[in-house]
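Novice: Structure in C-alpha cells, see below.
The values are calculated or read from the model by the stated rules, or taken from the named source; none is laboratory data. This is a predicted model, so every value here is computed, not measured. Neighbour counts are summed over all protein chains in view; Cβ atoms, including those assigned to glycine, are modelled from backbone coordinates with ideal geometry. What goes into the accessible areas is simple: the full protein's heavy atoms, side chains included, and nothing from ligands, DNA or RNA. Shrake-Rupley method; radii C 1.70, N 1.55, O 1.52, S 1.80 Å.
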Amino acid sequence: MRDVEHTEAAWTGAAVFVAMELSRSTWVLATQASPSGKTSSHRLAGGDTDGLLALLRRLAAREQGAAGEEVQVVLGYEAGYDGFWLHRRLTAEGISCWVMDPGSLQVNRRARRAKTDRLDAAMLLRALMAWHRGDRTACHMVQVPSVEREDARRTHRERQRLIAERVQHVNRIKGLLATQGLYEFLPLRRDRRERLDELRTGDGRALPPRLRQEIEREFRRLELVLEQIGAVEAERDAAVAAPAVDDADAAKVAMLARLGGIGTELATVLVREALYRPFANRKEVAAYAGLTPSPFASGDRHRDQGISKAGNPLLRKSTVELAWLWLRYQPDSALARWFTERVGDVRGRIRKITVVALARKLLVALWRHVTTGLLPEGARLKPAAT
C-alpha cells in the first residue's frame with residue numbers, strides 16, 4: 001500500500017545497508033557496507049529478533065573498525081503479513097528501518113525467471129540503496145502508523161467483514177428457499193422464525209425437516225453476526241461521542257459526519273484510512289485512494305486504462321459509494337452541479353465513469369475540509385440536534 005514517505009536528513013557517513021526477505025520459517029538478509037563495499041548474505045530463523053539485532057551490531061562494529069567513524073545501519077523490508085511490529089522493535093533500538101511498498105519495486109518481466117529468497121533480498125537491497133542515495137523512483141516507502149491509529153482502524157474493518165458475512169448468510173437462506181419455489185422471504189426481518197413456520201413450498205407442502213433444520217442453523221449464524229455488528233457499531237459510535245485522550249482523529253470524524261449524506265461509518269472510514277495522514281497536495285490524496293488516471297501513450301497508440309486502483313481499496317470503495325450519496329443528499333453543491341452538467345440524464349457506462357471522477361474531487365474537497373475547515377462549495381450541513 002503506497003503512502004506518504006518519511007523524510008529525514010540524508011546520512012553522508014559510513015553505513016551498512018540491510019535488506020530482509022521475510023517468511024514464517026526463515027529471514028534472509030542481504031547486506032552491503034558503504035564506503036567499503038563489502039557484501040554478504042545471512043540467514044536467520046523466522047522471528048529471531050535477538051539474533052537479528054546481534055548480527056546488525058556485528059556488521060556495524062566491523063564497518064566502524066574499518067572506517068574509523070560512526071556507522072549507521074539502514075534496514076528495509078517489504079510490507080506484508082508481518083505488519084509493522086518489526087519496524088517498531090528495530091526503531092526502538094536506534095536502527096533506521098524502512099518498510100517498502102511491494103507494488104513499487106521493479107522486477108524482471110520475463111515469464112520464466114529465477115526467483116529465490118536470496119535473489120529477492122538482493123533486489124530489495126539495490127532498491128533500498130538507490131532510494132537512500134536520493135532516487136525516489138527506485139521504490140516507495142510506507143508511512144508506518146502509530147500503534148493507536150492502527151488499532152483504531154480495527155473497528156470499521158471488522159464491520160466490513162461482518163457485513164460481507166451477513167450477506168453470505170442471507171443469500172444462503174434465500175438460495176435454500178428458492179429451491180422450494182419461495183422467493184419473497186426476508187431473513188433480516190425480526191419475525192423470521194415465525195414466518196418460517198408459515199411457509200409452504202411451491203407445490204403446497206411444508207418445508208422438508210432437514211431443510212428446515214439447516215435454515216434454522218443459518219438463522220443462528222446470522223443472528224450471531226447481527227449481534228456482533230451491533231456491538232461493533234456501538235463501539236464505533238462511542239469512540240466518536242466520547243473520544244479517548246490520545247485519539248485526535250475523532251474530531252475529524254465528527255466534522256465529516258455533520259455534512260449531509262455522510263454518516264458515522266463513512267466518516268470513520270475516510271478519516272481512519274486516509275484523512276489523518278499528511279498529504280502535500282491533492283494529487284497525493286487521489287493517488288492514495290487509487291483514483292488517479294492511468295493513461296497509455298506510446299508512439300501512435302493512445303488509450304485510457306482507467307483509474308490506477310493502486311491505493312487503499314477500502315478507501316476507494318467508500319469514496320465511490322459516498323459520491324453516489326452526495327448526488328442524492330447534496331444536489332445543490334458545486335460538485336453535484338458539475339456532475340449534472342456533464343452527465344445530465346445519461347445512464348450506463350458514462351455515468352459510472354463520471355461518478356469516479358466525482359469521487360476523486362469529493363475526496364480532495366473533504367481533505368481540505370478537515371485540514372483547513374473550508375466547507376465544500378454549496379454543501380449542506382445537517383440540522384443541529386436538539
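Novice: Consider Ala365 carefully, then state whether it is in a helix (DSSP H, G or I) and over 19 Å from Asn281 (Cα atoms).
Specialist: Considered against the rule, which asks whether it is in a helix (DSSP H, G or I) and over 19 Å from Asn281 (Cα atoms), Ala365 comes out as no.
Novice: Of all residues in segment 200-222, which are in contact with a helix residue (DSSP H, G or I) (Cβ under 9 Å, 6 or more places away or on another chain) and open to solvent by 30 Å² or more (accessible area, probe 1.4 Å)?
Specialist: Answer for segment 200-222, where residues must be in contact with a helix residue (DSSP H, G or I) (Cβ under 9 Å, 6 or more places away or on another chain) and open to solvent by 30 Å² or more (accessible area, probe 1.4 Å): Ala206, Arg212, Glu214, Glu216, Arg221.
Novice: Output the residues belonging to segment 91-130 that are touching a strand residue (DSSP E or B) at 6+ places or on another chain (Cβ under 7 Å), of a type outside the set (Gly, Ala, Ser) and more than 22 Å from Tyr81 (Cβ to Cβ).
Specialist: Met129
Novice: Can you pull out every residue in segment 177-199 that is in contact with a helix residue (DSSP H, G or I) (Cβ under 6 Å, 6 or more places away or on another chain) and touching a residue at least 24 places away in the same chain (Cβ under 8 Å)? Outline the logic, then answer.
Specialist: Just the residues of segment 177-199 that are in contact with a helix residue (DSSP H, G or I) (Cβ under 6 Å, 6 or more places away or on another chain), to begin with: 185, 187.
Within segment 177-199, just Pro187 meets the criteria.
Novice: Name, by its number, the condition in (1) in contact with a Cys (Cβ under 9 Å, 6 or more places away or on another chain); (2) of a type in the set (Phe, Trp, Tyr); (3) surrounded by fewer than 15 Cβ atoms within 10 Å (Cβ to Cβ) that does not hold for Trp131.
Specialist: Exception for Trp131: condition (3).
Novice: Name the single residue that is least open to solvent (accessible area, probe 1.4 Å) among those in segment 238-252 being among the charged types (D, E, K, R) and under 17 Å from Val370 (Cα atoms).
Specialist: Here the answer is Asp249.
Novice: Let me ask another. Scan segment 369-386 for residues that are of a type outside the set (Val, Ile, Thr), surrounded by fewer than 16 Cβ atoms within 10 Å (Cβ to Cβ) and assigned to a helix (DSSP H, G or I) and jot them down.
Specialist: none
Novice: Also, quick follow-up: Hey, can you tell me all the residues within segment 28-48 that are part of a strand (DSSP E or B) and more than 23 Å from Gly13 (Cα to Cα)?
Specialist: Hits for segment 28-48 are Val28, His42, Arg43, Leu44, Ala45.
Novice: List pairs: first residue in segment 278-295 and on the phi > 0 side of the Ramachandran plot, second residue assigned to a loop (DSSP other than H, G, I, E, B) anywhere in the structure, Cβ distance under 6 angstrom, at least six positions apart or on different chains.
Specialist: Gly290/Ser308; Gly290/Lys309; Gly290/Ala310; Gly290/Gly311
Novice: For the subset of segment 14-28 comprising residues that are more than 15 Å from Met100 (Cα to Cα) and among the hydrophobic types (A, V, I, L, M, F, W, C), which member is farthest from the chain's Cα centre (by Cα)? It would help to see each step written out before you state the result.
Specialist: At the first step, the residues of segment 14-28 found to be more than 15 Å from Met100 (Cα to Cα) are 14-16, 23-28.
Subset that is among the hydrophobic types (A, V, I, L, M, F, W, C): 14-16, 27-28.
Values: Ala14: 36, Ala15: 33, Val16: 32, Trp27: 26, Val28: 27 Å.
Across segment 14-28, the extreme among qualifying residues is Ala14.
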